[in-house]
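Just below is one structure, and these are the notes that go with it.
The values are calculated or read from the model by the stated rules, or taken from the named source; none is laboratory data. Values in this document were obtained by computation on a predicted structure and should not be read as measured data. When we count neighbours, we look across all protein chains shown, and the Cβ atoms used for this are built from the backbone with ideal geometry, even at glycine. Heavy atoms of the whole protein, side chains included, go into the accessibility calculation; ligands, DNA and RNA do not. Shrake-Rupley method; radii C 1.70, N 1.55, O 1.52, S 1.80 Å.
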Amino acid sequence: MKKEVAVIIGAGPAGIATAACLNKLSIPNIILEKDDCIASLWKKRSYDRLKLHLAKQFCSLPLMSLPHSAPTFISKAEFIGYLDNYVEHFKLHVVYCTEVVSAALDENGNSWIITVKNRISGEKDEYSARFLIVATGENSEKFIPEIHGLKSFSGEVIHSSEYKSGEVFSTKNVLVVGSGNSGMEIAYDLSKFGAQTSIAVRSPFHVMSKEMIHFGMVLVKYFPVKMVDVLLVMLAKFNYGDLSKYGIVRPKNGPLKMKAATGRSAVIDVGTVDKIKSGEIMVCIIVNHIDYFQVVKAISRIRGDEVISIDGSSNRFDVIIFATGYRSTANTWLKDGEFMLNETGMPKQSFPEHWKGKNGLYCAGLSRRGLPGVSMDAQNIANHINMMEKKKTME
């Protein structure tokens with residue numbers, strides 16, 4: 001059994017940020033990563049045209065800012081390069097191709113026993129650690145909802161994590177299910193490449209430009225969230241007009257309040273709205289509360305290549321792309337973590353106390369606050385572990 005002071009599970013932004021903060025405080029740690037690289041979500045499971053929607057000052061990890069020479073809104077490639085440099089700069093110790101089978105407290109409740117399996121050789125090993133940090137993120141495993149008849153669909157079904165470019169779908173009739181940032185941007189990309197594109201909208205959401213959100217995040221440092229939200233909604237109305245006639249309804253809560261309360265971000269428009277207005281992208285309206293619309297189309301079932309709505313109408317598609325998000329998988333291997341995580345693998349405690357469990361257990365990157373939340377978690381965890389270590393030496 002290999003003994004460590006702190007073991008971090010996951011080498012995404014949350015994991016490497018926490019490791020860097022621990023290194024700064026001279027607290028030994030290692031990161032266990034099931035893939036063969038850091039930031040596998042960014043490197044392997046994101047589409048080609050992806051850019052960060054937040055300005056660079058809100059995307060830096062602790063202790064090392066993005067370069068001054070970088071543009072305000074950086075590309076996927078630039079962010080990946082930054083993450084690779086981050087790992088090298090702080091000399092982080094990452095053990096790759098190592099999947100956690102289980103993590104549980106020992107009999108005395110003093111240490112965490114982490115059982116792992118090498119994904120290449122299949123060999124098992126064990127680590128013992130005083131501190132265990134769950135940094136596998138909110139996006140551990142793709143989620144596709146259950147739809148009656150989906151298995152019988154005669155076309156191609158993929159998750160957004162498998163989507164790279166619309167080029168291969170240029171002659172296809174494609175339905176994108178999900179209207180978050182990924183769904184809306186994938187729909188735009190498909191349309192740009194000539195695909196006949198439809199998007200399924202399930203619930204209300206805000207549409208903003210990246211400049212609006214940047215403006216709001218700066219203002220909220222000086223003014224109340226409610227005031228900034230009112231201004232952002234006014235700007236959106238002026239810029240986009242009334243989108244309800246196109247099937248897009250604005251939520252009652254403002255974009256910043258909604259992000260803080262539910263973790264759901266405003267959709268950053270990359271040109272999708274213009275394509276919806278022109279009819280190049282069709283909207284299927286799928287909502288929980290039918291009060292929003294007089295006419296509601298919802299997926300009832302799938303038969304062959306037909307997607308059938310509850311009103312009986314149907315459309316034929318060659319491809320369905322599910323941009324329906326991800327799920328945390330921490331509960332599949334974490335034992336004795338009931339105090340910290342709920343049944344969905346997300347924190348039980350509300351922000352800002354969500355990161356702290358019991359018996360040396362922590363979670364990073366599960367605050368639903370994006371990269372700024374990742375940085376806060378990493379610093380809070382490292383400082384708390386440092387305090388616990390100092391307390392131990394004084395006993």
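Using only the C-alpha atoms, the convex hull of the range 7-59 corresponds to 82 Å³ per residue. Shown for the range 316-395 is the translational diffusion coefficient from the Stokes-Einstein equation, using the Kirkwood radius over Cα pairs, a temperature of 4 °C and a viscosity of 1.567 mPa s: 89 µm²/s.
Would you mind telling me the share, in percent, of accessible area of the range 1-80 contributed by carbon and sulfur at probe 1.4 angstrom? Its accessible area is 55 percent carbon and sulfur atoms. Legend: translational diffusion of the range 80-212 by Stokes-Einstein, Rh = Kirkwood radius over C-alpha pairs, 10 °C, 1.306 mPa s; D = 82 µm²/s. Here the sum of -39500 (n - 2.57) over DSSP H runs of 4 or more residues, divided by the residues of the chain, equals -8500 deg cm²/dmol at 222 nm, to the nearest 500. Bridge orientation summary for the chain: considering DSSP beta bridges with both residues in this region, about 40 percent are antiparallel. In the calculated pair-distance distribution of the range 158-246, the portion above 20 angstrom amounts to 49 percent of the Cα-Cα pairs. Overall, the ratio between the Cα radius of gyration of the range 81-151 and 2.2 N^0.38 Å, rounded to two decimals, is 1.54.
Simple point charges give the picture: +1 on the Cβ of Lys and Arg, -1 on the Cβ of Asp and Glu, and for the range 1-141 a dipole about the Cα centre of about 400 debye. All C-alpha pair distances within the range 175-226, sorted into 5 Å bins from zero, spread as 4, 18, 20, 16, 14, 12, 8, 6, 2 percent across the bins. Ranking Leu63, Leu371 by solvent-accessible area of protein heavy atoms (1.4 Å probe, all protein chains present), from largest to smallest, gives Leu63, Leu371. For the range 191-286, the alpha carbon convex hull comes to 98 Å³ per residue, rounded to a whole number. Pairs of Cα atoms nearer than 8 Å and 6+ residues apart set the relative contact order; for the chain it is 22 percent.
Summed over the residues of the chain and divided among them, the accessible surface reaches 49 Å² per residue at a probe radius of 1.4 Å. Between His68 and His93, the simple spin-label model (points 7 angstrom out along Cα→Cβ) gives 3.6 nm. Per residue, the average separation of C-alpha pairs within less than 8 Å and at least 6 apart gives the range 161-295 a relative contact order of 32 percent.
Considering every alpha-carbon pair of the range 1-90, the percent of pairs per 10 Å bin, from zero through the bin containing the longest distance, is 16, 46, 29, 8, 1.
Computed from the C-alpha gyration tensor, the three semi-axes of the ellipsoid equivalent to the chain are 39, 25, 20 Å, from longest to shortest.
Here the chain is treated with +1 on each Lys and Arg Cβ and -1 on each Asp and Glu Cβ, and its dipole about the Cα centre works out to around 800 debye. Overall, the range 29-93 carries a charge dipole of about 220 debye about its Cα centre when +1 sits on the Cβ of Lys and Arg and -1 on the Cβ of Asp and Glu, all other atoms neutral. If the segment from Met387 to Phe143 were pulled out straight at 0.36 nm per residue, it would be longer than the present Cα-Cα gap by 84.0 nm.
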